[in-house]
Structure formats: structure tokens, C-alpha cells
Amino acid sequence: MDGRADVLVVGGGIVGLATARELLAQRPNTRVVLLDKEPGVGRHQTGHNSGVIHSGVYYRPGSLKATLCVRGRNLLLDYVVRNQIPHRLCGKVIVANGAEEGARLDELSRRAQANGVPNTRSLDSQELRVLEPAVRGERALHVPGTGIVDYRAVADQLAKDLVAAGADLRTGTEVTGIRAVPDGVEVATNQGTLPARYLVNAAGLQADRIALMAGLDPGVRILPFRGEYYLLRPERRDLFRGLVYPVPDPAMPFLGVHFTLTIHGEVEAGPNAILAFAREGYRKSDVRVGDLLESVFYPGFLRMVNRYWSSAVHETNRSFRRAVFLRDLQALAPSLVAADIAPGGSGVRAQAVFPDGRMADDFLLLHSPRALHIINTPSPAATASLAIAERLVDEIPRDPSA
Ligand SMILES: Cc1cc2nc3c(=O)[nH]c(=O)nc-3n(C[C@H](O)[C@H](O)[C@H](O)COP(=O)(O)OP(=O)(O)OC[C@H]3O[C@@H](n4cnc5c(N)ncnc54)[C@H](O)[C@@H]3O)c2cc1C
């Protein structure tokens with residue numbers, strides 16, 4: 001494409017790709033450029049996650065997470081069926097033990113109702129045993145509409161759609177600066193400067209930095225939380241029929257370590273949630289001094305540590321000690337032994353944190369002159385991506401430089 005883009009999207013993760021695709025579906029004559037710094041699409045959160053198609057049980061009714069997850073799930077199922085992308089609706093159970101977890105399970109059940117998640121059912125311990133013989137719990141919530149897919153495969157298909165619809169998709173192109181000009185923006189990249197009338201920031205783990213480049217203080221910083229997985233050894237892969245989750249801690253935006261089947265036939269246990277020393281740090285040993293200093297000197301960092309002190313200690317302990325990880329898994333599946341699990345992969349969540357140390361528990365949509373930013377895209381943004389795309393396109397002006 002020569003000349004100026006109407007809309008330039010930063011980020012070839014599932015959210016940026018879905019947004020560019022939706023824009024072209026609704027406004028086919030728009031000149032769309034999508035940039036990603038990596039050699040291919042879906043290389044960060046989109047390519048390193050649990051692959052769960054969430055149903056929308058967890059999220060506060062009325063929140064973007066709740067409404068966009070429920071709609072996004074339906075759009076996604078339609079999309080994967082139409083494009084013959086392998087997926088499975090295997091369902092899940094959320095398992096509770098003790099009065100406190102029971103009360104939290106009741107709240108999840110209410111949220112499921114309020115969010116319009118169909119066919120959820122409360123189970124007693126006998127009913128749970130019939131459904132999931134390896135799982136022990138006093139009570140559970142069965143969510144049959146939860147599924148699994150490979151989000152990298154979804155991203156690849158979205159990229160194909162985009163190119164077929166006439167978008168200019170450029171990988172290996174890193175945005176390094178953004179300058180406002182009278183009728184748009186000038187975007188500096190490692191491949192030269194690109195003019196555009198409007199910019200969409202879907203840069204995931206770097207989204208706050210892109211917002212700052214565009215002259216917007218987003219009021220949060222992204223802190224990277226690595227999620228580490230173990231894999232069940234192949235002989236134990238038939239232990240579960242569906243996905244098995246604990247009741248999450250309502251103070252945290254993470255779901256607690258759980259068992260997920262993958263569409264490729266493996267069973268993963270995890271992810272935990274541990275502060276990473278690099279925004280794109282997939283291994284414990286990955287440290288980027290700039291990222292680390294930025295995290296540590298952010299005023300919200302110490303306040304966050306204070307606020308979530310006991311969780312932070314437990315997460316660190318669990319990350320370094322397999323026995324602790326195993327013990328948490330055994331709380332769900334007591335027959336599991338140390339030899340059943342081996343270290344697996346990891347992913348890094350883009351979690352926004354406010355200056356007072358609170359972790360953002362919803363997607364944040366922010367505007368700046370000639371730009372729209374989506375900040376804080378951890379789970380369930382992959383499930384919700386096609387609905388997030390609809391929402392973002394609604395917010396992009398019809399005449400981007402007006
Ligand atoms: C461990 C883990 C488990 C998860 N499990 C689930 C799950 O089961 N179900 C679910 O729905 N969600 C899950 N999620 C969340 C889900 O993966 C994300 O919500 C989703 O992938 C977010 O997509 P995105 O496009 O916003 O971000 P990303 O996929 O991170 O994409 C952002 C893109 O921006 C690019 N970029 C960044 N900076 C620049 C720059 N300067 N110039 C050019 N390009 C740039 C990056 O290269 C990247 O490709 C999980 C996440 C993690 C980490």
C-alpha cells in the first residue's frame with residue numbers, strides 16, 4: 001500500500017488482528033495497515049496461553065470482560081466452525097471445599113446467571129465424582145459451554161482473512177515513536193516512518209508504552225505476570241474428562257492453578273502467576289534491566305506487593321518448589337504424584353496496575369487525539385477478541401482525520 005493509512009493497528013496479537021479484520025468487514029474501503037514487531041503474528045500472549053474458550057462465569061456483571069466474553073465466545077465458536085479450526089466444547093468444573101470456597105462458588109453461580117451463561121449446574125460431591133472420577137471436592141459448578149482451541153491457529157486465520165480483504169500486514173516492524181501531525185499521526189518504526197489518519201493500539205504487553213508514545217498517560221502500567229505450566233505425563237492424560245478449576249481468590253484477577261486439556265491432546269496444569277523480570281520473559285532466567293527497573297520504580301509496584309503480600313509469597317514458593325505446585329494440584333486431584341508432572345511452557349500476562357497498587361480487573365479502552373488504546377488484555381481477551389473488535393470499531397471515527 002502506498003501513501004497514508006486510514007487506520008494503523010499496532011499489534012498482531014488476536015485483538016489487533018480481529019480489530020483490523022472487523023474494520024475491513026464493516027468499512028471495506030478503509031486503508032488498513034497492521035504492524036507487529038515479531039517475525040509472525042500471535043507470538044506473545046496469543047501464542048502462550050491455556051487455549052480455553054471461556055464462558056463468562058467469573059466476571060463482574062456489566063463489566064467489559066463479562067459482556068465481551070459472552071458475546072465473543074459465541075462469535076469465536078461461529079468463526080472456528082466456519083474456518084474448520086479444531087476446537088472442542090469439553091466443559092469444566094469449578095471445585096469448592098469448605099464454607100468460604102462454597103460461598104465464593106455461590107457468587108460465581110450468581111454471576112453466571114447474571115452474565116447469561118447457559119446450562120451451568122451445581123453439583124454435590126457425588127455428582128462431581130460421576131462427572132470427574134479423579135476429582136475430589138465438596139461441591140462444584142459445572143459449566144458445559146467452556147471449550148478449548150489453539151489461539152495461534154485462530155490468529156493465523158485472522159491474518160489470512162485480513163490480507164485477503166486488502167490490509168497491509170507488516171511483521172518485523174517495531175513501532176518506536178508516534179508523532180501527532182495536523183491530520184493524523186506519524187509512526188516511526190525500525191523500517192521507516194508511516195503516516196496514518198488514526199491509530200489503534202493493541203500492543204498487549206507493550207500497550208502502555210505505545211500509549212505514552214502517543215502522548216497519553218494511561219493511568220496504569222503493565223506489569224508482566226508469567227504463568228508457568230506443568231504437563232501431565234502421557235499415561236495420565238485420561239485422568240480428566242473436561243477442565244478442572246479451583247474457586248479463584250476474588251482479590252486476584254487470576255484463576256488459580258487448574259487442569260486444562262489442550263486441543264493437541266496434552267493436559268496442562270497451571271498457570272501460576274509470578275512477576276516476570278522482563279515483559280516478554282518466558283523463562284525464570286529472563287531479565288531485562290530496563291523492564292525490571294521500570295516495574296520496581298513504578299509507585300504502584302510496592303503498593304501492589306503490600307496489598308497482595310501473602311499471595312506473592314505463595315506464588316514465589318510455588319514457582320520454585322514443585323512439591324508446593326503439586327500439593328495445590330492434589331487439592332483437586334488427590335491421586336496425582338510427583339512423577340505425573342513435568343515442567344511445561346509458560347506465558348506472560350499483560351496485567352495493568354493502578355498507582356495505588358490495585359490490579360485492573362477489566363479491559364481499559366482509552367482515547368487520545370487520533371488514537372484508540374486497549375490496555376489490560378489478560379484472560380479472557382482471547383475468547384472475547386471478536387467482540388472486543390466490534391467494540392473498538394464502533395469507537396473508531398468514520399472519518400478518522402476529521
Ligand atoms: C498464561 C496465560 C494464559 C491465558 N489463558 C487464556 C485462556 O485460556 N483463554 C483466554 O481467553 N485468554 C487467555 N489468556 C489471555 C490471552 O492470551 C490474551 O488475552 C490475548 O492473547 C491478548 O491478545 P492481544 O492481541 O491483546 O495481545 P498479544 O497477543 O500480546 O499481542 C500484542 C502484539 O503486539 C505486538 N507489539 C508490541 N509492541 C509492539 C511494537 N512496539 N511495535 C509493533 N508491535 C508490537 C507484539 O509483538 C504482540 O504480537 C491467557 C494469557 C496468558 C499469558
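The values are calculated or read from the model by the stated rules, or taken from the named source; none is laboratory data. Note that the structure is a prediction, hence the values are computed from the model and not measured. Using ideal geometry, Cβ is built from the backbone for each residue, glycine included, and neighbour counts are taken over all protein chains shown.
Numerical summary
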| quantity | calculated |
| --- | --- |
| For LEU364: the one exception among (1) in the same structural domain as ARG197 (by TED's automatic domain parsing); (2) surrounded by 20 or more Cβ atoms within 10 Å (Cβ to Cβ); (3) modelled with pLDDT of 95 or more | (2) |
| All positions within segment 259-278 that are surrounded by fewer than 23 Cβ atoms within 10 Å (Cβ to Cβ), assigned to a loop (DSSP other than H, G, I, E, B) and not hydrophobic (A, V, I, L, M, F, W, C) | THR262, HIS264, GLY265, GLU266 |
| Close pairs (7 angstrom Cβ cut-off, 6 or more residues apart or separate chains): of a type in the set (A, V, I, L, M, F, W, C) in segment 292-321, loosely packed, with under 13 Cβ neighbours inside 10 Å anywhere | none |
| For GLY227: the one exception among (1) among the small types (Gly, Ala, Ser); (2) touching a strand residue (DSSP E or B) at 6+ places or on another chain (Cβ under 9 Å); (3) more than 11 Å from the ligand (Cβ to nearest atom) | (3) |
| Members of segment 26-49 that are within 9 Å of the ligand (Cβ to nearest atom) and polar (S, T, N, Q) | GLN45, THR46, ASN49 |
| Odd one out for ILE94, checked against (1) in contact (Cβ under 8 Å) with a residue 60 or more places away in the chain; (2) more than 20 Å from LEU329 (Cβ to Cβ) | (2) |
| Cβ pairs under 9 Å, 6+ apart, first in segment 190-202 and more than 22 Å from ARG398 (Cβ to Cβ), second surrounded by 24 or more Cβ atoms within 10 Å (Cβ to Cβ) | ASN190/VAL175; GLN191/LEU35; THR193/VAL187 |
| Count of residues meeting criterion [away from the ligand (no atom under 15 Å from the Cβ), outside any helix (DSSP H, G or I) and touching a residue at least 40 places away in the same chain (Cβ under 8 Å)] in segment 230-245 | 5 |
| Test result for VAL154, part of a helix (DSSP H, G or I) and free of Cβ contacts under 8 Å to residues at least 24 places away in the same chain | no |
| LEU372 vs. criteria surrounded by fewer than 20 Cβ atoms within 10 Å (Cβ to Cβ), assigned to a strand (DSSP E or B) and modelled with pLDDT of 95 or more | no |
| Residue in segment 112-124 that is within 30 Å of LEU205 (Cα to Cα) and among the charged types (D, E, K, R) present | no |
| VAL175 being out of contact with any helix residue (DSSP H, G or I) (no Cβ under 7 Å at 6 or more places or on another chain) and in the same structural domain as ASP36 (by TED's automatic domain parsing) | no |
